[in-house]
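Working notes for the structure below.
The values are calculated or read from the model by the stated rules, or taken from the named source; none is laboratory data. Since the structure is predicted, the reported quantities are computational estimates derived from the model, not experimental observations. We place every Cβ from the backbone using ideal geometry, glycine too, and count neighbours over all the protein chains shown. The accessibility values were calculated without ligands, DNA or RNA, using every heavy atom of the protein model including side chains. Shrake-Rupley method; radii C 1.70, N 1.55, O 1.52, S 1.80 Å.
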Amino acid sequence: MTAYFPRESDTVRVALSPDNAGKLHQLGFELVVQSGLGEGLGWRDQDYMAKGARVVANADVPDGCGLVVRVNHPPGDQAAPRGAVHLSSLDAFRERELVGALAAAGISAISVEMIPRTTIAQKMDVLSSQASLAGYAAVILAAERLDRVFPMMMTPSGTIAAAKVFIVGVGVAGLQAIATAKRLGAKVEAFDTRPAVEEQVQSLGAKFVKVDLGETGQTAQGYAKALTEEQLAKQRDVMARQVSQSDVVITTAQVFGRPAPRILTSAMLEAMRPGSVVIDMAAATGGNVEGSEPGVEKRIGGALLLGAKNLADHVALHASQMLSNNYLALIEHLWDKETKALKIDPSDEILAGCLLTHGGEVVHPQFRQPTT
Ligand code: NAD
């Protein structure tokens with residue numbers, strides 16, 4: 001079976017490391033890699049060739065190819081040949097038309113951000129590996145843009161108080177942001193609507209900010225449920241006070257399959273000390289902060305607001321290594337040793353969550369009904 005890894009223009013990260021090229025080759029794949037795939041990371045064409053891959057100059061998907069792997073969703077429905085498997089993040093909730101087009105093109109599209117958050121799927125969990133690095137990168141970016149240091153310093157020239165960092169949303173990204181800010185010596189506080197998070201925040205040495213929102217809950221997968229407008233208003237009251245006392249605010253709040261909750265207003269940022277930094281890690285899914293846009297930085301009052309875009313690209317080498325390991329684990333899970341091909345069984349416990357199209361149809365229940 002031939003597997004093809006094209007270059008992508010919208011990220012530095014790649015879905016295949018040379019080491020994993022060797023492992024896929026040993027498994028039985030004919031590997032085809034577009035020239036320059038890993039050049040942004042120092043992975044040269046000859047590194048892939050040394051591991052058994054064939055390097056091609058153009059972007060055309062090779063004839064007879066059975067698997068195409070990308071980091072992000074394909075540029076159009078010519079993603080892979082009819083009957084082939086396409087593996088990538090599809091951003092499916094916002095790319096519903098693409099999902100329909102992939103089904104019509106007879107492609108079996110697997111969307112890696114839909115991989116279930118279960119123990120067996122942990123090593124395939126692209127969302128976690130990339131969110132964790134993005135949380136780290138957000139803190140480093142904030143530290144770099146802030147006009148003060150993170151740790152407390154007592155020096156003959158004077159005493160410097162530790163910076164106050166506030167993290168909103170403590171999933172995978174938020175936890176890594178807390179840990180990173182703590183390592184840099186900041187005073188860290190955090191909030192999440194899922195009560196289960198309080199203990200995790202405390203175990204990292206940070207303070208959990210309590211807000212009495214009544215029933216909040218989480219889904220069976222551990223995702224937050226959307227708050228009511230009344231609950232969000234209550235949350236904003238507490239956030240306003242908290243934000244005004246912080247030097248750095250990093251927001252990571254997401255509600256799976258929906259636009260991100262709007263939590264911080266421009267008025268809250270205007271009340272911050274001049275020189276403060278706010279990073280909205282949810283900018284690409286609608287934004288936790290009023291006015292944030294992915295990849296755009298602006299001043300709101302004295303605060304600098306950064307709308308995050310591809311934060312994992314800031315640490316692209318490690319992000320690509322982890323991503324490549326996630327993809328390898330999923331491909332190994334699907335590999336049928338007897339037929340030496342991928343086995344696409346829609347009832348497989350992992351595929352049931354992340355196979356969106358198969359056999360010319362949209363097969364995932366959440367995407368068969370456009371309103372859910
Ligand atoms: P996510 O990216 O969906 O959301 C980030 C955080 O935002 C979540 O913690 C969520 O509770 C929070 N949030 C939502 N609305 C909010 C609001 N109004 N204010 C403040 N915070 C808000 O989350 P994630 O990082 O993808 O993690 C989702 C869940 O999956 C977590 O329970 C996590 O522990 C779990 N998880 C499990 C596994 C596994 O078992 N294999 C792996 C990774 C994550």
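Looking at the chain, send over the antiparallel percent of its DSSP beta bridges, to the nearest 5.
Working: 14 of 50 bridges.
Once the DSSP bridges in the chain are tallied, antiparallel ones form about 30 percent.
Size of the dipole of the chain about the Cα centre, Lys and Arg at +1 and Asp and Glu at -1 on the beta carbon, nothing else charged, in debye to 20?
Numbers: 35 positive and 40 negative charges, 168 e Å.
Value, rounded to 20: 800 debye.
Please report, to one decimal in angstroms, the Kirkwood hydrodynamic radius of region 146-309 built from all distinct Cα-Cα pairs. Please report the intermediate quantities before stating the final value.
Numbers: mean 1/r = 0.0625 Å⁻¹.
That comes to 16.0 Å for region 146-309.
Calculated from DSSP H runs of 4 or more alone, at -39500 (n - 2.57) each and per residue, what is the 222 nm mean residue ellipticity of the chain, nearest 500? Provide the component values of the computation, followed by the final result.
Details: 11 runs with 111 residues, N = 372.
Here the helix-only value at 222 nm equals -9000 deg cm²/dmol.
When the Karplus curve 6.51 cos²θ - 1.76 cosθ + 1.60 is applied with θ = phi - 60°, which whole-Hz ³J(HN,Hα) does each residue of region 148-165 get, with x for Gly and Pro?
For region 148-165, the Karplus curve yields 9, 8, 7, x, 6, 10, 10, 10, x, 8, x, 9, 10, 7, 5, 5, 9, 10 Hz.
Rank these residues by their accessible area, most exposed first, probe 1.4 Å: Thr228, Thr2. All intermediate terms of the calculation are to be shown ahead of the outcome.
Numbers: Thr228 75, Thr2 30 Å².
Correct descending sequence by accessible area is Thr228, Thr2.
Could you tell me the relative contact order of the chain? Use alpha-carbon pairs under 8 Å, at least six residues apart, and round to a whole percent.
Details: 786 pairs, mean separation 63.7, N = 372.
Taking the mean separation of contacting Cα pairs over the length of the chain, I get 17 percent.
What does the extension gain come out to for Ala267 and Gln46, with contour length at 0.36 nm per residue minus their alpha carbon separation?
Values: separation 221, 0.36 × 221 = 79.56 nm, distance 5.40 nm.
Here the segment from Ala267 to Gln46 would lengthen by 74.2 nm.
Once the chain is represented by equal point scatterers at the alpha-carbon sites, with solvent omitted, what log10 I(q)/I(0) does the Debye formula produce at q = 0.07, 0.09 Å⁻¹?
Cα-only, vacuum Debye calculation for the chain: -0.34, -0.56.
For region 154-285, with all protein chains present and a 1.4 Å probe, just round the carbon and sulfur fraction of the accessible area to a whole percent. Walk me through the numbers on the way to the answer.
Details: 3240 of 6080 Å².
Solvent-exposed carbon and sulfur of region 154-285 make up 53 percent of the total.
Let a ≥ b ≥ c be the square roots of the eigenvalues of the Cα gyration tensor of region 1-63; is it rounded (a/c under 1.5), or, if not, prolate (a/b larger than b/c) or oblate? Mind showing how you got there, number by number?
Values: a/c = 1.73, a/b = 1.23, b/c = 1.41.
Taking the square roots of the gyration eigenvalues as a ≥ b ≥ c, region 1-63 is oblate.
Convert each backbone phi in region 234-241 into a coupling constant with the Karplus relation 6.51 cos²θ - 1.76 cosθ + 1.60 (shift: θ = phi - 60°), then list the ³J(HN,Hα) values in order as whole Hz, x for Gly and Pro.
Once rounded to whole Hz, the list reads 4, 4, 4, 4, 5, 4, 4, 5.
Of all DSSP beta bridges located in region 146-309, what percent are antiparallel, nearest 5? All intermediate terms of the calculation are to be shown ahead of the outcome.
Working: 8 of 28 bridges.
Around 30 percent of the beta bridges assigned by DSSP in region 146-309 are antiparallel ones.
If you count only protein heavy atoms with a 1.4 Å probe, what accessible area per residue comes out for region 146-309, rounded to a whole Å²? Intermediate results must be reported in sequence, preceding the final value.
Details: 7580 Å² over 164 residues.
Accessible surface, normalised per residue, equals 46 Å².
Among the aspartates and glutamates, select those whose C-alpha is under 15 Å from the C-alpha of Lys340, and discard any that sit fewer than 8 residues away in the same chain.
Once the sequence-local aspartates and glutamates are set aside, what remains near Lys340 is Glu30, Glu332.
Within region 146-309, how many lysine pairs that are 8 or more places apart, or on different chains, have C-alpha atoms less than 19 Å apart?
11
Going highest first, how would you order 110-120, 168-178 by mean Cβ packing within 10 Å? Please report the intermediate quantities before stating the final value.
Details: 110-120: 18.5, 168-178: 26.6.
So the order, starting with the most tightly packed, is 168-178, 110-120.
Leaving out same-chain residues fewer than 8 places away, which lysines sit with a Cα under 30 Å from that of Lys337?
Within the straight-line cut-off, Lys337 pairs with Lys23, Lys51, Lys123.
Could you please report the charge total around Thr219, scoring K, R as +1 and D, E as -1 over all other residues with beta-carbon less than 11 angstrom from its beta-carbon?
Residues close to Thr219 contribute a combined charge of +3.
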